[in-house]
1. Along segment 13-26, what does the Karplus equation 6.51 cos²θ - 1.76 cosθ + 1.60 (θ = phi - 60°) give for ³J(HN,Hα), rounded to whole Hz, x for Gly and Pro?
2. Within 10 Å of each candidate Cβ there may be at most 11 other Cβ atoms; applying that plus a DSSP loop requirement, which trypsin sites (Lys or Arg not before Pro) in segment 160-194 survive?
3. Counting other C-beta atoms within 10 Å, and keeping those with at most 11, which DSSP coil trypsin sites (Lys or Arg not before Pro) do you find in segment 72-172?
4. Measure off 7 Å from each Cα along the Cα-to-Cβ vector at ARG135 and ASP167, then give the distance between these two points in nanometres to one decimal.
5. Please give me, ordered by residue number, the GluC sites (Glu not before Pro) of segment 77-114 that lie in loop per DSSP and have at most 13 other Cβ atoms within 10 Å.
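Nothing in this text is a laboratory measurement; each read-out follows from the coordinates by a stated rule. Everything quoted here is computed from the prediction, not taken from an experiment. Here the Cβ positions follow ideal geometry from the backbone for every residue, glycine too, while neighbour counts run over all protein chains shown.
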Amino acid sequence: MSGTLFVVSAPAGCGKDTILNEVFKRCSSAGYAVSATTRAPREGEVDGVHYCFLSIDDFKKKIAENEVLEYTEYCGNFYGTLKKNVEDLLASGKDAVLKIEVEGAMNIKRQFPKAQLIFILPPSWEVLETRLRNRGTETEDKIRERIAQARTELSFAENYDYLVVNDDLEEAVCDMLAVFRAEKLRKANCGELLERFK
Ligand code: 5GP
């Protein structure tokens with residue numbers, strides 16, 4: 001019995017990383033499938049843990065060698081799902097969690113119709129806009145760009161299987177864990193369980 005492929009997406013400012021970090025602490029049966037990117041590491045990010053940080057040439061080589069399940073260009077950098085990382089997690093019986101943007105999520109669903117797509121929503125449009133505005137010292141143009149980006153991303157939410165609202169962090173974490181748990185209870189994922197009763 002192999003695990004489930006989960007895809008988690010959310011616009012910036014929805015707390016995706018905070019929720020998932022907590023989920024991984026509490027759920028040992030799910031693993032994060034580390035993506036590759038050509039963007040520079042941010043402070044505190046570790047190669048192989050947060051991302052596999054690659055040069056553009058190495059990224060292109062991986063695509064050419066069919067080692068990337070999907071990839072996209074986002075804000076001027078390439079991001080891609082590494083086939084091996086997903087396969088290793090699933091083969092070990094774990095659920096594989098991809099943390100990717102909406103186009104990538106649609107691409108994964110096309111290739112793996114059984115993948116479960118989870119979209120994290122803000123409590124309201126107004127709250128998200130306030131969160132994006134209060135992030136720091138960005139210019140008004142940059143803020144407007146982020147808001148427009150979030151609007152585009154939110155328009156994809158209707159294509160997802162599950163919606164988790166991040167109003168209260170603890171509740172959002174529990175909701176995400178409930179989705180993982182529910183998938184385990186799906187008859188199709190219960191292997192030979194019913195055979196015992198025949
Ligand atoms: P960041 O640079 O903030 O870590 O990520 C920017 C965006 O790229 C986020 O929405 C993130 O989920 C997305 N992303 C990260 N890895 C992948 C990937 O492998 N494929 C796709 N399509 N998007 C990704």
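1. My calculation for segment 13-26 gives x, 9, x, 3, 5, 4, 4, 5, 4, 5, 4, 5, 5, 9 Hz in order.
2. For trypsin sites (Lys or Arg not before Pro) across segment 160-194 that sit outside H, G, I, E and B with at most 11 neighbouring Cβ atoms in 10 Å, the list reads ARG186.
3. The qualifying sites are LYS114.
4. Reported label-point gap for ARG135 and ASP167 is 2.4 nm.
5. The qualifying sites: there are none.
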